[in-house]
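Undergrad: One structure follows; several queries about it will come next.
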Amino acid sequence: MRQYKIDNMDRKAYPFGLTNVAGGIHVSVAAEAENCNLVLFLPTASHVGGGEETDGQIAVRIPFPKERRTGNVWEMTVLGKDLERMEYAFEADGKFFPDPYGHTFTGQEEWGREDQVQALLRSPVRQEDFDWEGDAPLHIPYEECIVYRVHVRGFTRHSSSKVKDKGTFRGIVQKIPYLKELGITTLELMPAAEFSEVMVKAYPDGPAREKTADGRLNYWGYGPALQGAPKASYAGKKRRPDLELKNLVKELHRAGIELVAELFFTGEESPAYVLDMVRRWVREYHLDGVHLTGNAPLTLLARDPYLAGSKLWAPFWEDGEEQSRQKSLGEYNDGFLIDMRRVLKGDEGQMNSLALRSRRNPAGHGVINYMANTNGLTLMDLVCYEQKHNEGNGENNQDGSDFNYSWNCGVEGPARKKKVVELRKKQLRNACLLLFLSQGTPLLMAGDEFGNSQSGNNNAYCQDNAISWLNWNLLKSNQDLFQFVKYVIAFRKEHPVFHRSEQPRMMDYQMCGFPDVSYHGIRAWVPEFDNFRRQLGILYCGKYGKKADGTEDDNFFAAYNMHWEPHEFALPHLPKGFCWHVAFDTAASENNGYFEPGSEPKAESQKRIMVEPRSIRVLIGKAEEKEAQQEERDAHV
């Protein structure tokens, strides 16, 4: 029987959870109970099966002194020599429960093991040091961000990922060169806190140990979680998840990539707990931001001084919640997705939406734009399916949204007809331009850049298999799509008129000769927003976009034709000495929809252009003198 001493002289104020003190530990926990114990366990290699009190696991119970109770908070300082070897949990009126403030847990180290349902999660007493080597959050401005959203397990779990540590934080580290090549600046993780992926059938009238697995997995991770700890099964065998997450953050920062983690709150948590957990991910794990989903106290978080400057993403922000010191709040919802998908498929009355969504960039907060996300069809499935195909979820295809705003290009599911395949490729190129040529911050769902498909499943929350895992073989078979996305990202970065720090005013407020952004129709300077219109021209004035070296950007004219018939656009006149060249033409499949800098062909007419059905042409204004000099040099070669 181990002997531990309670230090009754220690009356300092400590935070919730476990705090190391000289010669021992201080523990503090909230429990509405008559009696509360700290329970210490001997460390073992596995803590699953056999219930909560298997012989040899419990080393000692230490009652909390009732005189140290404040409200429903129990606390005490415990002194002892071998405490660091132990693991701990709590017991309130005979019921065991883990420390809500634990930094890491044992008991769910292996993904998907059904016998872990019965496990009591315990936290190691020992808290490991980590050498950050001077690491700090990057604070990349929203207008410079390219966000890439991943599921920690699904990103590298497939054998085609070719990484050593599949389905883990280390697996992501091993894909950093790929993220750099693609042009990603900000990585978003789906829920990665300690949640139970084994879905259970609960018996509320019976003892807790009567929970049984129902055969499905909560693959996405939305549900109750121990929010202060990274998920153990995302760390790999015999590795501490807190250290693995910190290593991921540090390696991403070394590569110039931010990390934002999604935290899902059920609404049952206290506001103080939510605040503490968000602070922990930012302060202890050096995250660049947190995506808040579920039910969180947004006003409290937005006004917290510790979080000022950190990215906070939520579906909406009330007026007055914008942080004044730095534009760090981000609006993250499906508004862009719904409107731009309807534009893409050619619905009526969408040109106003195109104009609004392409320029929207509020002064007080960022806007996260995406064409596809976790909840819904992937980008590839968006052009292959008109109906959801969720039969594999075991809910008779009743789950998931019935509103996909998709068009299958004439065939439901996979197709071999060349016309259908080419039309789908063109629509994918159109979707990418709609996203990356819009103001605001673009977000790409992992795998959409190489045609990841979920076979029409728009709610793959329980699919821990090839439906949800990224098949990296598609990177080779859909290399043309990957190259297009990679090029568009680089193009966006090169041209600040498409990612300004403020929303265009549609005025020439700097006396440049053109408004910063203007809209055009069949005739230049005469936009047409009638319900039956499916075409719109947008002129970007390069003088309103300053590059990093202080030089002005180029002028651009983006001609969107989402109609199933060709349409002619009148071109605005460029300043003297400049002429229009074609930078993108999504109908030009022989060039994969784009033209490299220096190879942009001169527009066939400087007055009018014809845009093919369901396609986008982007023109760039180039100096004629430079063109003539290049032709002269080419003639001498």
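Readers should treat all values here as calculations from the given coordinates under stated rules, not as data from a laboratory. The model shown is predicted, which means the values in this text are computed figures rather than measured ones. As a convention, Cβ positions derive from the backbone with ideal geometry for all residues, glycine included, and neighbour counts pool all protein chains shown.
Undergrad: With Kirkwood's inverse mean 1/r over C-alpha pairs for Rh, give me the Rg to Rh ratio of the chain, two decimals please.
TA: 1.04
Undergrad: Say the cut-off is 26 Å between C-alpha atoms; which of LYS345/LYS419; LYS180/LYS246; LYS164/LYS201 go over it?
TA: LYS164/LYS201, as the Cα separations exceed 26 Å there.
Undergrad: Also: Relative to the present Cα-Cα distance, how much length would full extension add between GLU181 and SER501 at 0.36 nm per residue of separation? Before the final figure, lay out each step's value.
TA: Numbers: separation 320, 0.36 × 320 = 115.20 nm, distance 2.45 nm.
Additional length available on full extension: 112.7 nm.
Undergrad: Give the relative contact order (percent, whole number) for region 248-367; include only Cα pairs under 8 Å separated by 6+ residues.
TA: On the way: 161 pairs, mean separation 22.4, N = 120.
About 19 percent, as a whole number.
Undergrad: Restricting the count to DSSP beta bridges whose residues both fall in the chain, what percent are antiparallel, rounded to a multiple of 5?
TA: Of the beta bridges lying entirely in the chain, close to 70 percent run antiparallel.
Undergrad: Same structure, new question: Output the pairs from LYS66/LYS95; LYS426/LYS486; LYS166/LYS425 with a Cα-Cα distance over 25 Å in this structure; if there are none, say none.
TA: In this structure, LYS166/LYS425 exceed 25 Å between Cα atoms.
Undergrad: Between ALA255 and SER589, what is the spin-label point distance in nm, taking each point 7 Å from the Cα along the Cα→C-beta axis?
TA: 3.4 nm
Undergrad: While we're here: Which value in deg cm²/dmol, rounded to the nearest 500, describes the helix-derived mean residue ellipticity at 222 nm for the chain, given -39,500 (n - 2.57) per DSSP H run of n ≥ 4 and division by the residue count?
TA: When only DSSP H runs of four or more count, the value is -5500 deg cm²/dmol.
Undergrad: Now for a separate question. Over all directions, what mean area does the Cα convex hull of region 505-636 project, stated in square nanometres?
TA: Over every viewing direction, the Cα hull of region 505-636 projects on average to 9.5 nm².
Undergrad: Ok, one more. From the square roots a ≥ b ≥ c of the eigenvalues of the alpha-carbon gyration tensor of region 142-497, which class results: rounded (a/c under 1.5), prolate (a/b over b/c), or oblate?
TA: rounded
Undergrad: Among rounded, prolate and oblate, which fits region 366-463 when a ≥ b ≥ c are the square roots of the eigenvalues of its C-alpha gyration tensor, a/c under 1.5 means rounded, and a/b larger than b/c means prolate?
TA: Oblate, because a/c is 1.5 or more while a/b does not exceed b/c.
Undergrad: Now a separate question. Counting alpha carbon pairs within less than 8 Å and at least 6 residues apart, what relative contact order, in whole percent, applies to region 505-636? Can you show the working numbers first?
TA: Details: 264 pairs, mean separation 29.6, N = 132.
It comes to 22 percent, rounded to a whole number.
Undergrad: Listed highest first by mean packing, meaning other Cβ atoms within 10 Å per residue, what order do 537-550, 266-279 come in?
TA: Working: 537-550: 18.1, 266-279: 16.3.
Going from most to least packed, we get 537-550, 266-279.
Undergrad: Which FRET efficiency, nearest 0.05, do ASP115 and ILE58 yield, Cβ-Cβ r, R0 25 Å?
TA: 0.85
Undergrad: Go through 364-375, 478-489, 429-440 and give me the packing order, highest mean Cβ count within 10 Å leading. Don't skip to the end; give the middle numbers.
TA: Working: 364-375: 21.2, 478-489: 19.0, 429-440: 24.5.
By packing density, highest mean first, the sequence is 429-440, 364-375, 478-489.
Undergrad: Based on the mean of other Cβ atoms within 10 Å per residue, sort peptides 497-510, 174-187 so the most packed one is first.
TA: My ranking of the peptides, most packed first, is 174-187, 497-510.
Undergrad: What is the gain in length, in nm to one decimal, between GLU284 and ASP334 on full extension, counting 0.36 nm per residue of separation less the C-alpha to C-alpha distance?
TA: Contour length minus the Cα-Cα distance gives 14.9 nm.
Undergrad: Please give, to one decimal in nm, the separation of the simple spin-label points placed at LYS607 and ASP93, each 7 Å out from Cα toward the Cβ.
TA: Output for this residue pair reads 8.7 nm.
Undergrad: Under the definition of Cα pairs under 8 Å and six or more residues apart, what whole-number percent is the relative contact order of the chain?
TA: 10 percent
Undergrad: Then there is this: How much of the calculated P(r) for region 260-353 lies past 15 Å, in percent of all Cα pairs?
TA: Percent of Cα pairs beyond 15 Å in region 260-353: 62.
Undergrad: Using only the Cα atoms of region 206-284, build the gyration tensor, take square roots of its eigenvalues as a ≥ b ≥ c, and label the shape rounded, prolate or oblate: rounded if a/c is under 1.5, else prolate if a/b is larger than b/c, else oblate.
TA: It is oblate, given that a/c is not under 1.5 and a/b is not larger than b/c.
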